[in-house]
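The values are calculated or read from the model by the stated rules, or taken from the named source; none is laboratory data. The structure presented is a predicted model; accordingly, all values stated were derived computationally and were not measured. Positions of Cβ are backbone-derived with ideal geometry, glycine not excepted, and every protein chain shown enters the neighbour counts.
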Amino acid sequence: MSRLRLKLAIGVAVVGVAATTAAAIAGDRAKLRTSLSGYEEVPAVSTTGGGEFRAAIDRHSDRIQYQITYRAIEGTVTQSHIHFGQEGVNGGITHFLCSNLGNGPAGTPPCPPPPATVTGTITPQTMTAGALAQGLAVGDFDELVRALRAGAVYANVHSVDRPGGEIRGQIENRQDD
């Protein structure tokens, strides 16, 4: 009878470890997304432009794979970024998604004319000092991930007509996708 209890206890422990490991792995692969519109800009902007931002966090390799899509932007696209800032507040740049101004770090791709999709990877090495005054240090990937999961990061697309940003969206943690 004690052997049966021992086997049962070992079986329960194995199942518990497997469930915990699966939950940890799932948490390390968070999916993020948002829709971008002029109404999310600060101040709000009336535009025909729109877009989407999608990303997946991979904590095992400290990478965030992203895709930003934009369309019907009224002005010529100049640049696109990830910013550290809560809804309704402008914040510092943490990562350049694309730029036609030559102001991004080495490796920043150009922004194609709309409709367009830009893909890339955020790593500690690609983070900028734009949010340093807000306490987000260059390369502090863990804090960027915490801010993303808390909804304190947004993506936007800037244009010649709207240099402060033409479309914007607050990035949300979407585990259900």
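Scoring residue 157 on the criteria (1) over 17 Å from the mean Cα position of the chain (by Cα); (2) in a strand (DSSP E or B) leaves a single failure, condition (1). Tallying residues that are within 21 Å of residue 100 (Cα to Cα), within 10 Å of the chain's Cα centre (by Cα) and either outside any strand (DSSP E or B) or of a type in the set (Lys, Arg) (or both) within segment 48-82 yields 0. Quickly run through segment 94-120 and pick out the residues that are without any contact (Cβ under 8 Å) to a residue 40 or more places away in the chain, closer than 29 Å to residue 150 by Cβ and surrounded by fewer than 19 Cβ atoms within 10 Å (Cβ to Cβ). The answer is 103, 105, 107, 109. The set of residues in segment 124-133 being polar (S, T, N, Q) and either surrounded by 15 or more Cβ atoms within 10 Å (Cβ to Cβ) or in contact with a His (Cβ under 8 Å, 6 or more places away or on another chain) (or both) consists of 126, 128. Residue-level analysis places residue 91 outside the set of residues that are at pLDDT below 95 and touching a strand residue (DSSP E or B) at 6+ places or on another chain (Cβ under 8 Å).
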